[in-house]
1. Mean 1/r over all different Cα pairs, inverted: what Kirkwood radius does region 125-279 give, in Å?
2. Going by average Cβ neighbours within 10 Å, how do the peptides 223-234, 358-369 rank, with the highest at the top?
3. Please give the solvent-accessible surface of SER72 in Å², to the nearest 10, using a probe radius of 1.4 Å with every protein chain present.
4. Quickly rank 257-264, 288-295 as a protection proxy: mean count of other C-beta atoms within 10 Å, highest first.
5. With a/c under 1.5 counting as rounded, go ahead and sort the chain into rounded, prolate or oblate using the C-alpha gyration tensor (a ≥ b ≥ c being the square roots of the eigenvalues; past the cut-off, prolate if a/b is larger than b/c, else oblate).
6. How do the peptides 322-334, 43-55 rank, highest first, by the average count of neighbouring beta carbon atoms within 10 Å per residue?
7. Just the accessible area for HIS77, please: 1.4 Å probe, Å², rounded to the nearest 10?
8. At 1.4 Å probe radius, can you tell me the per residue accessible area of region 135-280 in Å²?
Amino acid sequence: MSPAPSPALPSYDEAAAIVSAHAVEAAHRSPRIEHVELAISLGRVLAQPLYADRDQPPFARSTRDGFACRASEASKHEFLNLAGQSRAGDAPAAPLPKGHAWEIMTGAPIPPGSDAVLMIEHVETSGKKVRLLPPRTVKPGENIVEQGAQAREGDELLPVGSAIHAGQIALAATCGHSALDVFAKPRVAILTTGDELVPVNASPGPGQIRNSNGPMLAALVAAAGGEPWVLPTAADNPEALDSLLAEAVAADLLLISGGVSAGKFDLVEPALARAGARFHFTGVRIQPGKPLVFGELPYSHTDANQDQNGTKHFFGLPGNPVSSAVTFLLFATPILGALSGRHDSGPRFALARLRAEAGKLAKSDLTRFLPASCSFSATTSQLPEVELVPWAGSGDLAALARSNCFLVLPEGSGRLEAGAIVRILLT
Ligand code: AMP
Ligand code: MG
């Protein structure tokens with residue numbers, strides 16, 4: 001028998017839409033701007049558009065090793081006299097005389113008057129002469145990139161909000177930027193809760209476990225472009241939670257781990273309510289991660305420089321490590337991205353082919369995200385292949401660590417055949 005539906009809770013799509021609407025709002029809070037060296041700008045977000053400082057490419061250049069010529073002359077297959085040679089780095093040559101060709105290397109400027117480059121593989125040379133081998137002909141523009149073909153001086157090449165990866169660093173370098181204006185990273189408070197938790201370097205006593213969500217969430221935050229701020233673990237009592245929440249609300253975003261289920265010592269929701277929280281949802285029809293809580297806490301702060309009045313978004317993440325990781329990826333990344341000033345952020349889904357039958361899955365009214373391992377390197381002609389990682393439930397950290405994605409099972413789906421095309425959530 002399938003479990004009773006939970007109609008009061010939003011579905012994954014509904015909860016994602018609620019979070020998206022708040023991400024749009026969060027994007028209006030313009031972060032501070034920092035100036036950082038290009039070499040350490042990886043993962044940051046552009047706070048100024050990137051403009052072309054000159055035409056790109058800055059001169060018409062050859063894309064091949066070969067011979068610059070006039071296409072109409074070369075296509076007659078008569079020998080052309082070689083007038084000279086240019087290599088990459090040489091200044092543009094003098095105009096090409098009629099009936100001549102010019103030896104040229106990849107990246108070298110095209111001599112004025114020429115309109116095509118013959119590939120070295122397509123010609124016959126004889127002393128200081130060259131001709132295009134018949135029956136091949138050549139058209140004007142072949143093997144040449146015109147000056148400004150990619151961009152004109154002053155063009156906006158990247159808008160504000162672009163995430164900086166290797167390609168953006170290359171573009172900035174080619175435009176002469178040795179440093180960039182980027183947005184300050186949002187500070188994300190990580191507040192783990194639970195009487196059973198001890199720090200990683202302590203020996204757990206009977207009934208105790210090491211706090212793994214603290215380091216995991218710090219890593220997820222850093223990878224998503226935030227600045228993790230790990231607070232001391234809160235014990236499961238109202239006083240500890242109240243005082244640490246009061247501290248944590250100074251952050252740009254709050255992640256609270258644990259204490260949001262229905263247990264007697266799940267005290268996080270009442271503590272948030274005492275701190276004046278507005279709840280946007282308290283639970284989502286997903287597994288793992290069903291108890292996820294999302295809302296805003298009021299915040300006001302006055303000092304000599306600024307007067308801040310507003311709210312801070314928070315997520316109450318279920319304490320089970322796999323639940324914490326999944327709910328972070330699904331719901332915290334869009335808000336964190338918006339607070340970082342990014343114009344594109346949030347969970348990344350892809351399609352993959354299921355390697356082996358997933359037979360033991362009962363039907364569920366929840367959208368499920370199951371730890372899975374995807375091989376992205378099979379071939380270029382086939383979809384990536386994914387398989388489930390055996391796991392013993394949402395506390396199974398070893399399964400999480402052996403996975404590199406989550407298999408998405410929509411509401412109502414059960415058993416899947418080998419070869420089925422499925423959606424995966426990338427980590
Ligand atoms: P909770 O959400 O507080 O009910 O916790 C659910 C499960 O996750 C329990 O087994 C907790 O011991 C475990 N858990 C909670 N917080 C953490 C944490 N920071 N690191 C590792 N496990 C945790
Ligand atoms: Mg707990």
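1. In region 125-279 this quantity evaluates to 21.0 Å.
2. Listed from highest to lowest mean packing, they are 223-234, 358-369.
3. That residue has around 80 Å² of solvent-accessible surface.
4. Listed from highest to lowest mean packing, they are 288-295, 257-264.
5. Details: a/c = 3.37, a/b = 2.03, b/c = 1.66.
Because a/c hits 1.5 or more and a/b exceeds b/c, the chain counts as prolate.
6. The packing order, highest mean first, is 322-334, 43-55.
7. 40
8. Computed with neighbouring chains in place, this is 49 Å² per residue.
The values are calculated or read from the model by the stated rules, or taken from the named source; none is laboratory data. Only a predicted model underlies this, so the values are computations on that prediction, with no experimental measurement involved. Positions of Cβ are backbone-derived with ideal geometry, glycine not excepted, and every protein chain shown enters the neighbour counts. Accessible surface areas use protein heavy atoms only, side chains included; no ligands, DNA or RNA. Shrake-Rupley method; radii C 1.70, N 1.55, O 1.52, S 1.80 Å.
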